[in-house]
Structure formats: C-alpha cells, structure tokens
Amino acid sequence: MPKIRIQRLEKELLKLINNVLAFKMRNKNLSWVTITNIRLSNDMSYAKIYFSFLGDNSKEKVLNSLQKSAGFIKNEIAKAKMMRVIPELIFYYDELEENARKLDKIFEKINSEKDGNNES
C-alpha cells in the first residue's frame with residue numbers, strides 16, 4: 001500500500017475517532033480522552049492508536065475503557081466507509097504529553113532557582 005494513502009487514512013481515522021469519543025461515547029472515563037496519533041500497519045490490518053487524557057482517572061482505567069469500546073469505534077469506522085477491512089485497534093498511552101509536562105516543571109524549577117541566585 002502506498003505510504004501516502006496510509007498517511008491519509010491515518011489522518012482521517014484520527015479525526016473520526018476523536019469525533020466518536022467526543023460526541024458519541026457515553027462512557028465518562030473517555031470524556032477527556034484525545035487521540036494524539038495513529039499508525040496503520042502496511043497491510044492496514046492493525047492500527048496503533050495513541051491517546052492522552054485529562055482528569056483524575058488512571059491510565060489503566062482509561063485504557064480498559066478504550067479497549068471495551070473498540071467494537072463500537074470499529075463499527076463507526078465501518079459506517080464511515082473509509083476502509084474495506086476495518087483494522088484491529090490497539091491502544092497505547094502517549095507518554096509524550098506527560099514527559100513534556102515533566103520537562104516544563106524541571107525548566108520552571110531551574111529558572112526559579114536561577115532567578116533566586118540572581119537576587120542574592
């Protein structure tokens with residue numbers, strides 16, 4: 001499958017799944033979930049779906065809710081008729097957001113320590 005077609009499908013799936021999570025799901029564990037990235041296998045039989053979320057839920061709780069909702073999400077993909085064969089959905093927590101927040105905190109701490117040393 002040409003890479004350009006796979007990339008286009010990844011973008012379309014990203015929009016569709018975020019739309020499904022935002023407007024069609026009734027699971028409160030998924031109300032603040034955002035799909036950050038999707039990677040389709042070359043044969044499009046598997047989709048790695050990376051997510052992040054806001055709120056107090058644990059990663060495991062949100063991941064479990066997404067896995068339970070995979071059938072509904074696949075049904076919505078089928079209704080959109082964007083693919084002949086619907087891929088198996090595999091969800092992963094996107095560590096990038098969390099790591100970026102940790103780095104921001106470290107930089108803030110360094111800057112505040114630097115400012116404290118300049119005042120002395």
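The numbers here are math on the coordinates, done by the rules we state, and not lab data. Bear in mind the structure is a predicted one, so any value in this text is a computation, not a measurement. Reconstructed Cβ throughout: ideal geometry from the backbone, glycine too, with neighbour counts over all protein chains shown.
Observations on the model:
- Each of MET83, MET25 was scored by other Cβ atoms within 10 Å of its Cβ. Listed from fewest to most, they are MET83, MET25.
- Angle in degrees between helix 59-80 and the longest Cα principal axis of the chain, rounded to the nearest 10: 40 degrees
- For q = 0.13, 0.21, 0.22 Å⁻¹, Debye-computed log10 I/I(0) when each Cα of the stretch 42-120 counts as one equal scatterer: -0.59, -0.99, -1.03
- Mean shadow area of the stretch 3-95, taken as a quarter of the surface of its Cα convex hull (nm²): 5.5 nm²
- Entry note, the chain: the mean residue ellipticity at 222 nm calculated from DSSP H runs of n ≥ 4, each adding -39500 (n - 2.57), is -20000 deg cm²/dmol after division by the residues and rounding to the nearest 500.
- Relative to the longest principal axis of the Cα atoms of the chain, the long axis of helix 3-23 lies at roughly 80 degrees.
- Antiparallel bridges, percent of DSSP beta bridges restricted to the chain (to nearest 5): 55 percent
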